[in-house]
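Trainee: The structure that follows is given in the form of structure tokens.
The values are calculated or read from the model by the stated rules, or taken from the named source; none is laboratory data. Everything numeric here is computed off the predicted structure, so don't read it as measured data. Here the Cβ is made from the backbone with ideal geometry for all residues, glycine too, and neighbour counts use every protein chain on show. Side chains included, ligands, DNA and RNA excluded: accessible areas come from the protein's heavy atoms. Shrake-Rupley method; radii C 1.70, N 1.55, O 1.52, S 1.80 Å.
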Amino acid sequence: MIEDEKTLRHEVEQELLNVTDTSILINLSAALTSLYPHLVPIHAFAYDAWDDIVIPLYYEMVYQSFSYKYGIIITSSEVHPYMYTLPCYRGLHHIECTLKKSFIEAFINFEWVHVEKQDLENYLIIFKSFGDGSNFLTGGITKEQASEVHFNFVEVEIVSSKTRSSIDGNKYKTMFIRKEDLHFEFVAEEKI
């Protein structure tokens, strides 16, 4: 969704008009699932190596696809980076998620919690990363743990719909949701 027509434009790639924003994100999940086992033997599956691989991959596979789909120029300094929690998402291009069902089971603080769609009514659900809810790849895991990593969940940040900022005391601040329970939508914002 383009929010501000002042955003710098370039030519639209017609084939991408038939690709949903959700499909672009799910394509990244599939790529990570395929790539990850190849990173384990060369010890590039965690810490800085993981960050150095996945952050630019996300930018190229996701934001550059949106750039050509919507015909806008997007630079890496104008986007919400992969895996990062920000105090505010206003003024940065980002991906918002919506629930496909009236309720979901979310993984919060290592336990499953029933969440009603109406509980998130005054919030935005911001995409952060794909993961499994238990392995923190950027912080490091063992080679044995790496065999258990999968990318079936979406880590999201729950923020105020009015301010696009984190809310103190929000019991749903960060959670993991099954990727098949979400729709994804690119949000382009004018840089502030």
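Trainee: By the gyration tensor of its Cα atoms, with a ≥ b ≥ c the square roots of the eigenvalues, what is the shape of segment 16-127: rounded for a/c under 1.5, prolate for a/b over b/c, or oblate?
Mentor: Taking the square roots of the gyration eigenvalues as a ≥ b ≥ c, segment 16-127 is oblate.
Trainee: A follow-up question, please. Looking at the chain only, what percent of DSSP beta bridges run antiparallel? Nearest 5 please.
Mentor: Antiparallel bridges make up about 95 percent of those DSSP assigns within the chain.
Trainee: While we're here: Along segment 20-29, what does the Karplus equation 6.51 cos²θ - 1.76 cosθ + 1.60 (θ = phi - 60°) give for ³J(HN,Hα), rounded to whole Hz, x for Gly and Pro?
Mentor: 6, 4, 4, 4, 5, 5, 5, 4, 5, 4
Trainee: Can you compute 3J(HN,Hα) from phi for each residue in segment 98-103, using the Karplus curve 6.51 cos²θ - 1.76 cosθ + 1.60 with θ = phi - 60°, rounded to whole Hz and x for Gly and Pro?
Mentor: Those phi angles translate into 10, 6, 7, 10, 6, 8 Hz.
Trainee: Just the number, please: carbon plus sulfur as a percent of the accessible area of the chain, 1.4 Å probe, no ligands or DNA/RNA counted.
Mentor: So the carbon and sulfur contribution to the accessible surface is 53 percent.
Trainee: Looking at the square roots a ≥ b ≥ c of the eigenvalues of the Cα gyration tensor of the chain, which shape do they give, rounded for a/c under 1.5, prolate if a/b is larger than b/c, or oblate?
Mentor: oblate
Trainee: Could you give the accessible area per residue of the chain, probe 1.4 Å, as a whole number in Å²?
Mentor: Averaged over the residues of the chain, the accessible area is 52 Å².
Trainee: Another question, if that's okay. How many nm is it between the label spots at ASN27 and GLU111, if each spot is 7 Å from the Cα in line with the beta carbon?
Mentor: 4.0
Trainee: Considering only Cα-Cα distances, which of the following residue pairs are longer than 21 Å: LYS117/LYS173; LYS69/LYS101; LYS128/LYS173; LYS69/LYS100?
Mentor: LYS69/LYS101; LYS69/LYS100
Trainee: Which of the aspartates and glutamates could a cross-linker span from LYS179 if the Cα-Cα distance has to be under 12 Å and same-chain partners fewer than 8 positions apart are dropped?
Mentor: Answer for LYS179, where 12 Å is the Cα cut-off: GLU105, ASP132, GLU155, listed by chain and number.
Trainee: A further question on this structure: For segment 92-192, what does the alpha-carbon gyration tensor say about shape, rounded, prolate or oblate, given a ≥ b ≥ c as the root eigenvalues, a/c under 1.5 as rounded, and a/b over b/c as prolate?
Mentor: Prolate, since a/c reaches 1.5 and a/b exceeds b/c.
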